[in-house]
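The structure appears below as structure tokens.
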Amino acid sequence: MTNAEPGFFDEMRSGSQVREAYQSLERWHSSMPDDLRTLKQSEAENLFRRVGITFAVYGEGGDPERLIPFDMFPRVFTSPEWRKLERGIRQRAAALNAFLADVYDRGEIIKAGRIPEHLVTRNDAFEKAAIGFRPPRGVYSHIVGIDLVRTGRDQFYVLEDNCRTPSGVSYMLQNREIMMRMFPQLFLENRIAPVDGYARLLKKTLASVAPDKCEGEPKVVILTPGQFNSAYYEHSFLADLMGVELVEGQDLFVEGDFVWMKTTKGPQKVDVIYRRLDDAFIDPLCFRPDSMLGVPGLMSVYRSGGVNICSCPGAGVADDKAVYTFVPEMIRFYLGEAPILENVPTWQCAKPDDCKYVLEHLSELVVKEVHGSGGYGMLVGPKADKSTIELFRQKIVEDPANYIAQPTLALSTCPTFVEEGIAPRHVDLRPYCLVGESIELVPGGLTRVALKEGSLVVNSSQGGGVKDTWVLAE
Amino acid sequence: MRLSVHHVSRYHFDTPVRRLVQTHRLTPSDCASQRVLSWEVFSEGAVKGAVYRDGAGDLIETISVKGPVTELVVEVRGEVDTTDLFGVLRDYRETVPPGTYLRGSHTTDADADLRALSAEALEGLEEETALNRAHALARAVSGAIAYSPGLTEPATTAAEALALGKGVCQDHTHALISVANAADIPARYVTGYLHSTSDGEAHEASHAWAELYVPGLGWVGFDAANECCPDDRYIRLGSGFDAQDAAPIRGVLAGGVEETLEVSVAVKSQTQSQHQQQ
């Protein structure tokens with residue numbers, strides 16, 4: 001066992017002590033013979049390959065056929081830890097939806113001077129087509145993925161919010177499934193809160209936001225860009241689990257006041273569309289005219305109350321990296337509460353003072369593109385060489401508004417299997433919060449782990465893996 | 001002025017189309033400068049539905065036609081009473097924040113020449129009213145792009161039209177939006193009808209112009225193609241970021257199908273005498 005990296009919070013060990021939550025896992029791994037571990041690891045890989053889960057997490061691109069490494073050492077949260085996280089996540093999901101409902105209607109938060117207007121109205125993700133309309137139950141973002149990191153015993157930070165169509169939840173479900181299959185004994189010895197209710201909750205959430213015009217049982221479908229999309233596996237997996245149809249744009253059409261699905265028994269009305277397609281592609285008559293993936297006229301039916309689209313086109317304005325800075329303000333403004341989860345302090349290079357500070361401290365900071373994702377276009381100052389830092393200096397000087405910077409966070413570590421046994425590796429967490437008639441959250445999420453020693457980048461495109469995430473029941 | 005409109009769009013498809021969907025922004029809405037007396041949009045063989053008013057206040061109707069069809073005719077007939085308000089759009093119900101129209105689109109993105117045109121037009125006018133600055137921008141665009149039909153296409157960008165120095169109302173409008181945005185003035189594309197006077201001064205019965213946001217007044221129309229502000233010869237249909245976003249008719253065709261479109265528009269004044277009676 002390699003010792004904890006100094007200066008970083010280790011989730012299993014406090015000095016020479018093993019925290020209570022990890023004690024049974026400590027016994028489990030130390031009594032596991034090396035050859036069994038190797039065997040199990042290859043068994044896990046085979047299982048992942050067999051179910052076909054080889055897509056890139058979070059739409060990061062890369063080779064869609066590549067298997068994302070699965071680390072068998074679970075990551076554990078105690079019940080009190082999770083309770084706090086859960087309250088914070090629910091609070092954040094509620095505030096983000098309140099923000100969307102506000103900026104697409106009266107814009108009170110702008111009028112009150114709590115967020116600059118241009119950050120909203122000049123934002124590419126702000127959709128004119130969503131203005132002057134209230135979606136069912138006033139919910140805009142139905143699946144909110146919140147990326148969290150831990151830096152101390154009680155310290156959690158939100159790295160970013162994902163209000164559009166966050167992916168990766170199939171990993172959360174499959175990681176658990178595979179762990180249970182390989183190590184059933186672990187699940188008898190520990191009381192681990194189940195996550196397999198996710199599909200049922202997702203379906204309940206989607207059905208709860210059917211439009212008023214829907215009579216009887218709402219017809220829910222998942223709209224996918226098709227099998228060449230890197231997350232196609234997840235789309236079909238979720239459709240399967242929920243028992244709903246997986247459709248492509250060409251399977252749907254608009255007639256009269258509704259959207260219809262072509263079936264062998266004739267057209268069937270569709271009430272709720274969980275779309276895994278970007279705004280720009282969903283309706284060529286409203287957005288990109290060259291889109292062959294969408295449904296012509298879909299936005300008209302949506303706006304006239306004949307169908308619901310989850311998430312609402314334009315939901316992305318709430319998860320923009322520049323808007324992110326204002327989420328604590330949203331929580332205070334709409335909910336009148338103090339934020340439970342903290343934001344990472346962020347410098348906006350668009351502001352001259354901030355930009356000056358960033359340029360002077362590049363070697364200490366993490367610099368990100370405002371609209372970037374997947375760990376691309378990112379500078380991790382302390383780990384970068386001089387030429388990379390200079391490259392970023394130029395980029396920031398040329399287009400300051402395109403960059404934000406944050407302090408390099410001391411991401412917590414979690415034991416991870418390596419050649420020599422186990423060693424601490426840095427992790428993050430993405431829980432999936434469901435917002436409909438009520439706000440629902442399964443206990444857990446997707447833990448990503450930076451498999452390279454010392455690396456702080458957990459993205460799968462840059463050597464990241466995934467872990468099963470446990471929340472211990474009380 | 002009482003204006004009557006008869007607008008026919010006749011689409012012909014070289015291959016029968018199995019299913020056809022269009023959105024229509026073809027119905028004018030009431031505001032201080034226009035009152036709709038009667039209006040009808042008719043497409044034979046089409047199912048009409050999914051009608052809504054967008055955030056910019058425009059009425060959108062959606063039609064679908066179950067094929068196979070080789071022809072679709074969209075016919076618009078109506079009468080509107082218009083009043084000259086010097087281009088000012090008043091009493092129009094909309095909720096889009098004006099700042100949204102600072103973004104433009106790839107059609108209106110300013111290149112160095114458009115930015116220069118904007119800066120030159122406003123040089124020395126820093127102390128002028130916002131309205132005068134808007135007029136200066138419209139004049140600059142009128143001067144920089146000569147009216148000349150047949151040289152530009154629907155996809156021509158503002159930058160391309162300026163480089164060519166020639167174009168039609170669509171190009172003037174894209175260029176005006178571009179130079180306005182370059183000066184941090186919200187601007188948008190407006191479509192409508194124009195009653196052509198007998199002296200042949202005005203161009204194009206199916207017309208487009210720009211609206212610029214002037215604090216204190218609100219949205220004000222500027223027709224750079226005709227070097228004027230919209231008056232009682234104009235009927236306003238709807239707006240958007242650019243020609244495509246504001247298009248009165250939007251449709252898509254399956255790959256490989258070619259369409260030909262014949263359009264006829266007649267905008268007539270119902271009686272000059274009515275003016276005299278008042």
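The values are calculated or read from the model by the stated rules, or taken from the named source; none is laboratory data. What you are looking at is a predicted structure, and each value in this text was computed from that prediction instead of being measured. We place every Cβ from the backbone using ideal geometry, glycine too, and count neighbours over all the protein chains shown. Ligands, DNA and RNA are stripped out before the accessible areas are found, and what is left, the full protein with its side chains, is counted by its heavy atoms. Shrake-Rupley method; radii C 1.70, N 1.55, O 1.52, S 1.80 Å.
Data overview
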| read-out | value |
| --- | --- |
| Surface/4 of the Cα convex hull for chain B, nm² | 15.2 nm² |
| Net dipole in debye of the stretch A:252-400 [+1 Lys, Arg Cβ; -1 Asp, Glu Cβ; about Cα centre; nearest 20] | 460 debye |
| Ordering of A:166-174, A:459-467 by burial proxy (mean other Cβ atoms within 10 Å per residue, highest first) | A:166-174, A:459-467 |
| Rg(Cα) / (2.2 N^0.38 Å) computed for the stretch B:83-246, rounded to two decimals | 0.94 |
| Average accessible surface area per residue within the stretch A:345-407, 1.4 Å rolling probe, Å² | 54 Å² |
| Percent RCO, i.e. relative contact order, over the stretch B:83-246, from Cα pairs under 8 Å lying at least 6 residues apart | 29 percent |
| Sequence-distant residues sharing a close amide H with residue A:160 (under 5 Å, placed H) | A:147 |
| For the stretch A:254-328 and the stretch B:9-46, distance of Cα centres in Å | 23 Å |
| Summed side-chain charge close to residue B:47 - residues other than residue B:47 whose Cβ falls under 12 Å, Lys, Arg +1, Asp, Glu -1 | -1 |
| Between helix B:169-182 and chain B: long-axis angle, C-alpha atoms, 0 to 90°, nearest 10 | 50 degrees |
| Percent RCO, i.e. relative contact order, over chain B, from Cα pairs under 8 Å lying at least 6 residues apart | 28 percent |
| Chain pair A, B: total accessible area buried, heavy atoms, 1.4 Å probe, Å² | 2400 Å² |
| Amide H contacts under 5 Å for residue B:110, placed H, 5+ residues apart | none |
| Averaged over B:240-246, number of beta-carbon atoms from partner chains that fall within 10 Å | 1 |
| Relative contact order of chain A, defined on C-alpha pairs under 8 angstrom at six or more residues apart (%) | 25 percent |
| Protection-proxy order for peptides B:6-14, B:50-58, A:264-272, each taking the mean of Cβ atoms within 10 Å per residue, highest first | B:50-58, B:6-14, A:264-272 |
| Protein accessible area in the protein assembly as shown, 1.4 Å probe - carbon and sulfur % | 49 percent |
| Residue-by-residue Karplus 3J(HN,Hα) for the stretch A:172-182, coefficients 6.51, -1.76, 1.60, Hz, glycine and proline x | 4, 6, 6, 4, 5, 4, 6, 4, 5, 6, 7 |
| Net charge of Cβ neighbours under 15 Å - reference residue A:398; Lys, Arg +1; Asp, Glu -1 | -1 |
| D (Stokes-Einstein, µm²/s), Kirkwood Cα radius, the protein assembly as shown, 0.890 mPa s at 25 °C | 86 µm²/s |
| Per-residue average of Cβ from other chains inside 10 Å of B:93-99 | 5 |
| Size of charge dipole - the stretch B:83-246 - debye, nearest 20, with Cβ of Lys, Arg +1 and Asp, Glu -1, no other charges | 320 debye |
| In sequence order, calculated HN-Hα J values of the stretch A:341-346 (Karplus, 6.51, -1.76, 1.60; Hz; x Gly/Pro) | 9, 8, 7, 7, x, 10 |
| Solvent-accessible area per residue, Å², over chain B with all protein chains present [probe radius 1.4 Å] | 44 Å² |
| Summed residue charge, Cβ within 12 Å of residue A:107's Cβ, Lys/Arg positive, Asp/Glu negative | -1 |
| Drop in accessible area of at least 40 Å² in the complex versus isolated chain, residues of the stretch A:128-148, 1.4 Å probe | A:128, A:131 |
| For the stretch A:408-474, accessible area per residue (1.4 Å probe, heavy atoms of protein chains only), Å² | 26 Å² |
| Protein-protein interface of the stretch A:229-263, residues with accessible area decrease of at least 20 Å², isolated chain reference, 1.4 Å probe | A:253, A:254, A:255, A:256, A:257 |
| Hz values of 3J(HN,Hα) by residue in the stretch A:121-129 - Karplus curve (6.51, -1.76, 1.60), Gly and Pro given as x | 5, 9, 6, 4, 7, 7, 9, 4, 5 |
| 10 Å Cβ neighbours from other chains, averaged over peptide B:252-258 | 2 |
| Under-5 Å amide H pairs with residue B:214, H placed in peptide plane, nonlocal only | B:219, B:220 |
| Chain A: antiparallel DSSP beta bridges as a percent of all, rounded to 5 | 70 percent |
